[in-house]
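No value in this document is a laboratory result; all are computed from the given coordinates. In this text the structure is predicted, and so the values were computed from the model without any measurement. As a convention, Cβ positions derive from the backbone with ideal geometry for all residues, glycine included, and neighbour counts pool all protein chains shown.
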2 protein chains.
Amino acid sequence: MRMSAGTPRIGPTGDTLAGPVELDLTSVDGERRPRADAVRNRAKLLDAAARLMADCGAANLTMDAVAAEAEVGKGTVFRRFGDRNGLLLALLDHEEQRLQEAFLSGPPPLGPGAPAIDRLRAFGPAVMRHELDNLELYLAAEPPAERRCVVPARGLRRSHLAILLRMTEATTDVELAAETLLASLDTPLVHHLVEQRGFSLARLESGWQDLVTRLATPLP
Amino acid sequence: MRMSAGTPRIGPTGDTLAGPVELDLTSVDGERRPRADAVRNRAKLLDAAARLMADCGAANLTMDAVAAEAEVGKGTVFRRFGDRNGLLLALLDHEEQRLQEAFLSGPPPLGPGAPAIDRLRAFGPAVMRHELDNLELYLAAEPPAERRCVVPARGLRRSHLAILLRMTEATTDVELAAETLLASLDTPLVHHLVEQRGFSLARLESGWQDLVTRLATPLP
DNA sequence: AAGTTATGCGGACCGTGGTCCGATTAACTT
DNA sequence: AAGTTAATCGGACCACGGTCCGCATAACTT
């Protein structure tokens, strides 16, 4: 459905020697350096999207409108981001990176420096808070069923959890436990619990702590 | 968004006595008995939808096509089911009921008669198997983010889990634990684990058992 | 049986997501 | 500097989900 990607790639580029060093920089695997207008347009589009999002809310963010606001053809939007969801995901990326920094290299107990179990305990609340802070975006960018589990951000969270779990004395199937933890942080779920069912954030957080404890403690 | 439902309802029906008994049957709360052609069309639509689903797959199930196949106007489809998702949900309903019967009144250990902990242990595998059996439908009928947690089927599963959990010696926040369990059975998640990540069903099942055990066992 | 009402019907209509292909132009070659 | 190539651009185009409103008719009233 998406691009054949089967271009033979028998290099008729500068090849053997011509633009040697920087070619390594831009093309790790034979990729092409993107054209100047392409990156310019990408930036314009993201900017326009963010602006419209702020003004009209995510629901009214139409692809046509983004294209118009960015003064760019509609086709360009789809070329750059694949589909509406891709655009939203790209927007989300920025926020997500801040979260990632926090648990990859931020201060303990979330970041490195604290015992794994404490980092695990801190992870849930951090994610919940982060997602509730950027709720609209996270809800709007929710991918459709099949792709939901494959979104890169999820992958990172997943392996982070798995690594931490493995450092505890847990006897469980670590991979699965990570999935379980991940699932319990699902944005729409958390949102629903807080908004429609009246769970306090504190309750959710202590629920998370409890879950972590139970998963990281060997059964008697 | 859906019907005002504010009709005053000062009963100009047969009222005080005319069609007394069956009126109670059809109108529990003053509701109107649906018109004959309405129920006929509803049936025709569900039938047509099922047929198309079997033939072309869920992805190609367009509302126009269903209307045409049922020899009915397009408006009727939307009137009856609200939106595409409503139609899918209605289709799903039938299968879901079979599952519900199984854990509400079927044979133990899934149904009543076995200790709560065993029923809990049996619940996960039953749901997973059921959803994987009707995978296409369950995936297609996945509601969009906001409504996902509110779908009736989910409510029933939730309270069932909560009730069983309360019957064990669990010390946890039962409501939350039920949500966690529910989340770990999410159809797209299970599907993804099995298909893309190569988890065996057996592994998922024993993962479920483990999770139940940990949630239903008091912490030391 | 005929009249009245309000419920359901149907298909023209609209907005939006997504595709396609000819014109355009950046990057590389000579 | 001019030419070549291949990727980008852009907007006309399409399909599908969802709405609307005048018409038909089932169910109730007399």
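A few points about this structure:
- Rounded to whole numbers, the Karplus 3J(HN,Hα) couplings from phi for the range A:33-41 are 5, x, 6, 4, 5, 4, 5, 4, 4 Hz, using 6.51 cos²θ - 1.76 cosθ + 1.60 with θ = phi - 60°, and x at Gly and Pro.
- In terms of other Cβ atoms within 10 Å, A:Arg84, A:Arg98 run from fewest to most in the order A:Arg98, A:Arg84.
- Net dipole in debye of the range A:84-220 [+1 Lys, Arg Cβ; -1 Asp, Glu Cβ; about Cα centre; nearest 20]: 120 debye
- For the residues of B:212-220, the average number of beta carbons from a partner chain within 10 Å of their own beta carbon is 3.
- Helix A:116-133 vs. chain A, principal-axis angle (Cα, 0 to 90°, nearest 10): 60 degrees
- Within the protein assembly as shown: Cβ-based charge dipole about Cα centre, in debye rounded to nearest 20 (Lys, Arg +1; Asp, Glu -1): 380 debye
- Applied to the range B:86-103, the Karplus parametrisation 6.51 cos²θ - 1.76 cosθ + 1.60 on θ = phi - 60° returns per-residue 3J(HN,Hα) values of x, 4, 4, 4, 4, 4, 5, 3, 4, 4, 4, 4, 4, 5, 4, 4, 4, 9 Hz, with x for Gly and Pro.
- Label zone at B:Leu156, where the point sits 7 Å out along the Cα-to-Cβ direction: the range B:183-199 residues whose backbone N lies under 16 Å: none
- For chain A, the fraction of alpha-carbon pairs lying more than 26 Å apart is 51 percent, rounded to a whole number.
- The range A:39-104: Cα Rg divided by the 2.2 N^0.38 Å rule of thumb: 1.13
- The helix-based estimate of mean residue ellipticity at 222 nm for the protein assembly as shown, built from -39,500 (n - 2.57) per DSSP H run of four or more residues and divided by its residue count, is -20000 deg cm²/dmol to the nearest 500.
- Hits among aspartates and glutamates - C-alpha to C-alpha of B:Lys44 under 15 Å, sequence gap 8 or more where chains match: B:Asp64, B:Glu69, B:Glu71
- Backbone geometry of the range A:190-207 corresponds, through the Karplus equation with coefficients 6.51, -1.76 and 1.60 at θ = phi - 60°, to 3J(HN,Hα) couplings of 4, 4, 4, 4, 6, 7, 7, 9, x, 6, 6, 4, 4, 4, 4, 5, 6, x Hz, x marking Gly and Pro.
- Alpha carbon centroid spacing (whole Å) that separates the range B:139-161 from the range B:205-220: 23 Å
- Mean partner shielding of peptide A:146-153, defined as the number of other chain Cβ atoms within 10 Å of each residue Cβ, is 3.
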